[in-house]
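> Mind looking over this structure? Questions follow.
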Amino acid sequence: MKGLFETHIDLTAKVLDLRLERQNLVAGNLANVDTPGYRARRIEFENELQSALALDQRGKVTRTNSKHMPSAFTVDGFEGKGIKEFEPRQIFGEDRVDLDKEMAVMGKNAMLYNALTEVITKNFSGLQRVIQEGAK
Amino acid sequence: MIKNVAMQAYRNALQDATQLSQNIRSRTEKKAPAEGFGNMLTESLSKVNAMDEQKSAMIEEFASGKTQNVHELMISMQKASVAMQMTSAVRGKVIQAYQELMRMPF
């Protein structure tokens, strides 16, 4: 039995967190455009999230035994990788902060963030409406 | 002789009674429809549920970055929301009608 908020509000909130983190990283990159020796940092979470939600090619895995590993998505354990696993490398021309690339990443990220805020707002207003209609 | 007449009368009465009951049964069977209001209600409820599930799946796909299709997401969310509103309105009307019937003096 699912609770009131355990549908996709958790997921949306988590992805909003991750997108905020990406925005912060991009802002940091932009701030360090002129810093010598600075390399652009990225956070990637899409592929991991897809496999955590069983949306990738392998498809849904069902739990048929209580001894199986839980494959369901949990918010607490999930975090994007990239900040900690950053490997320094030196390739001339590729390492410096590319302003256009950063701006493109930031624009896309902001748009997806806005769309997700819309999603979560609509979720809450829908829940509210159902509750109000039921209370009549 | 008298016995015979009595038996005959009894038999006739029995036949009449069975005919009558058969008539009544056929009439009531005709009146009861095969697919009724409840069937329609359950069907539309399952449709609304399917819309909601589709909406959830689309939100998951969008959030995880698998699809970046905002307009389809918004359309399916609106569809699910309108269907839910309609369902709750119908539910309210049905309950109102039931209460109206219960208040009726017999």
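> Quick check: anything in region B:17-38 assigned to a helix (DSSP H, G or I), in contact with a Ser or Thr (Cβ under 6 Å, 6 or more places away or on another chain) and hydrophobic (A, V, I, L, M, F, W, C)?
No: zero hits.
> Still on this model: Output the residues belonging to region A:13-27 that are surrounded by 14 or more Cβ atoms within 10 Å (Cβ to Cβ) and closer than 15 Å to A:VAL105 by Cβ.
A:LEU18, A:ARG19, A:GLU21, A:ARG22, A:GLN23, A:LEU25, A:VAL26
> Shifting gears a bit: Within region A:123-136, how many residues are more than 8 Å from chain B (Cβ to nearest Cβ) and either without any contact (Cβ under 8 Å) to a residue 24 or more places away in the chain or over 23 Å from the mean Cα position of the chain (by Cα) (or both)?
Matching residues across region A:123-136 total 6.
> For region A:97-110, give me each residue that is exposed (fewer than 15 other Cβ atoms within 10 Å of the Cβ) and either over 24 Å from B:PHE62 (Cβ atoms) or within 11 Å of chain B (Cβ to nearest Cβ) (or both).
Of everything in region A:97-110, those that are exposed (fewer than 15 other Cβ atoms within 10 Å of the Cβ) and either over 24 Å from B:PHE62 (Cβ atoms) or within 11 Å of chain B (Cβ to nearest Cβ) (or both) turn out to be A:LEU99, A:ASP100, A:LYS108.
> Turning to a different aspect of this structure: Among the residues that make up region B:82-105, is at least one of them aromatic (Phe, Trp, Tyr) and more than 8 Å from chain A (Cβ to nearest Cβ)?
yes
> Among the residues of region A:111-122, write down those that are within 8 Å of chain B (Cβ to nearest Cβ) and either outside any helix (DSSP H, G or I) or surrounded by 15 or more Cβ atoms within 10 Å (Cβ to Cβ) (or both).
A:LEU112, A:ALA115, A:LEU116, A:VAL119, A:LYS122
> Got a sec? Which of A:GLU87, A:GLU94, A:GLU79 is assigned to a loop (DSSP other than H, G, I, E, B), exposed (fewer than 10 other Cβ atoms within 10 Å of the Cβ) and either modelled with pLDDT of 90 or more or of a type outside the set (S, T, N, Q) (or both)?
On inspection, the qualifying residue turns out to be A:GLU87.
> Taking the conditions exactly as written (under 26 Å from A:ILE9 (Cβ atoms), assigned to a helix (DSSP H, G or I) and at pLDDT below 90), does B:GLU72 satisfy them or not?
no
> Sort out which residues of region B:63-81 are within 32 Å of the chain's Cα centre (by Cα) and either buried (at least 17 other Cβ atoms within 10 Å of the Cβ) or at the interface with chain A (Cβ under 7 Å from one of its Cβ atoms) (or both), and write them in order of number.
Result: B:LEU73, B:SER76, B:MET77, B:ALA80, B:SER81.
The values are calculated or read from the model by the stated rules, or taken from the named source; none is laboratory data. Nothing here was measured: the structure is a model prediction, and the numbers come from that model. Every residue, glycine among them, receives a Cβ derived from its backbone with ideal geometry; neighbour counts consider all protein chains shown.
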